[in-house]
Protein chains: 2
Amino acid sequence: MQHNLSHLSHTISLLTRTPAVLNAFLRDLPEAWTFCNEGANTWSAFGIVGHLIHGERTDWMPRAKMILQFGETQTFVPFDRWAQERESQGTSLPQMLDEFARLRSENLDELRIMNLQPADLERRGRHPALGVVTLSQLLATWATHDLTHLHQISRVMAHQYREAVGPWSAYLGVLRCTGHSAT
Amino acid sequence: MQHNLSHLSHTISLLTRTPAVLNAFLRDLPEAWTFCNEGANTWSAFGIVGHLIHGERTDWMPRAKMILQFGETQTFVPFDRWAQERESQGTSLPQMLDEFARLRSENLDELRIMNLQPADLERRGRHPALGVVTLSQLLATWATHDLTHLHQISRVMAHQYREAVGPWSAYLGVLRCTGHSAT
């Protein structure tokens, strides 16, 4: 799927929905689901929402603007994958869901106002580890990053029922997943 | 996590939310997201919703009732994993989302009315391939089955952006997932 203008609109369609998906999924769900993780140094649904908030603040739109303004001459600030450990302290999951929805909505407003054209989407920037990337790739990654974390939340929550399902574990793909998110 | 009464309430919490999660995620999303799959003999989001509907009709509650009525003496009817190919013909995704929400809500009403007690949850039934299973395991599997398919939908949709994300594919866990659902 080439990331042309119609794909930009598909990307925005998906990005627009994620706050409502997480809200329907996680708000007021018992903490036995939302605060459990997969073991030491793994994330809970709560932590993942914190990570998504940090991405809205520091990653996607700041990088998009850096590409348009500086091209390859300026390297993106590395993404802090554990920022939510500090930033989520003293916050509740409902507050974080609200914050994520607010930031996402603001960022998408800003993206729409940019009125990006095909030539803009081909503009190049510099990732600190991956090297040269395009704006088109950045925006596709923003959407796929939502999916990777929805995928991860499903897996983390399913992990809590690993024993409870008994012999059915053999049939449940999510319990065989070893995919881990790393962005 | 042992599946006692408090876990039954956690199971119901999760099962209650899934229709709204799928609705927020998929309703009116472009068909480029919802009708694409991962290749021959794989499922799209549309097909997965059809599969969930078939489960509500023929799998979870019919099996729960069979356990309570017949115990191990009667074997569950095998689940038809491709029934949605027939049943979804001529239906739209919004119609299917409505149908899934209606069936799930009816099934959960029925489950609550059963007022299951710890001894009921230990009742045993017979699965055609897995052998003896408990009602507790069946109900935990119902919830985990929702998660396995949410996990699958995220993966199927991310697959559509495999090329578009460029070098970021190395960081996106969902693109490395090989877990497949088989129930």
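Brief remarks follow.
- Which numbered condition A:Val21 fails, given (1) farther than 27 Å from B:Thr34 by Cα; (2) open to solvent by less than 20 Å² (accessible area, probe 1.4 Å); (3) hydrophobic (A, V, I, L, M, F, W, C): (1)
- Candidates B:Gln89, B:Gln95, filtered to the one that is modelled with pLDDT of 95 or more and open to solvent by 10 Å² or more (accessible area, probe 1.4 Å): B:Gln95
- Taking the listed residues B:Leu15, B:Leu93, B:Leu22, the one that is under 19 Å from B:Asp146 (Cβ atoms) and touching a Ser or Thr at 6+ places or on another chain (Cβ under 8 Å) is B:Leu93, with no other qualifying.
- Of the residues making up segment A:24-66, those that are small (Gly, Ala, Ser) and open to solvent by less than 10 Å² (accessible area, probe 1.4 Å) are A:Ala45, A:Gly50, A:Gly55, A:Ala64.
- Residue within segment B:20-33 that is among the charged types (D, E, K, R) and closer than 20 Å to A:Ser154 by Cα present: yes
- Subset of segment B:35-72 [more than 17 Å from the chain's Cα centre (by Cα) and not in a loop (DSSP other than H, G, I, E, B)]: B:Lys65, B:Met66, B:Ile67, B:Leu68, B:Gln69, B:Phe70, B:Gly71, B:Glu72
- Once segment B:107-132 is narrowed to residues that are without any contact (Cβ under 8 Å) to a residue 24 or more places away in the chain and under 20 Å from the mean Cα position of the chain (by Cα), the residue that is nearest to B:Pro78 (Cα to Cα) is B:Leu130.
- Taken over segment A:129-183, residues that are closer than 30 Å to A:Leu8 by Cβ, hydrophobic (A, V, I, L, M, F, W, C) and more than 7 Å from chain B (Cβ to nearest Cβ) amount to 7.
- Near pairs, Cβ below 7 angstrom, 6+ apart or cross-chain, from segment A:23-40 (closer than 21 Å to A:Glu85 by Cβ and more than 10 Å from chain B (Cβ to nearest Cβ)) to any residue that is of a type in the set (S, T, N, Q) and crowded, with 17+ Cβ neighbours inside 10 Å: A:Thr34/A:Ser44; A:Phe35/A:Ser44; A:Asn37/A:Ser44
- Taken together, A:Leu108, A:Leu135 contain a single residue that is modelled with pLDDT of 95 or more, touching a Lys or Arg at 6+ places or on another chain (Cβ under 6 Å) and under 30 Å from A:Phe46 (Cα atoms), which is A:Leu135.
- Scanning segment B:67-86 for residues that are surrounded by 13 or more Cβ atoms within 10 Å (Cβ to Cβ), at pLDDT below 95 and among the charged types (D, E, K, R) yields a count of 3.
- Unique match (being part of a helix (DSSP H, G or I) and open to solvent by less than 50 Å² (accessible area, probe 1.4 Å)) among B:Ala164, B:Ala140, B:Ala170, B:Ala119: B:Ala140
- Scanning segment A:122-137 for residues that are of a type outside the set (Gly, Ala, Ser) and not in a strand (DSSP E or B) yields A:Glu122, A:Arg123, A:Pro128, A:Leu130, A:Leu135, A:Gln137.
The values are calculated or read from the model by the stated rules, or taken from the named source; none is laboratory data. The structure displayed is predicted, hence computed values, not measured ones. Virtual Cβ from ideal backbone geometry, glycine too; neighbours counted across all protein chains shown. Side chains included, ligands, DNA and RNA excluded: accessible areas come from the protein's heavy atoms. Shrake-Rupley method; radii C 1.70, N 1.55, O 1.52, S 1.80 Å.
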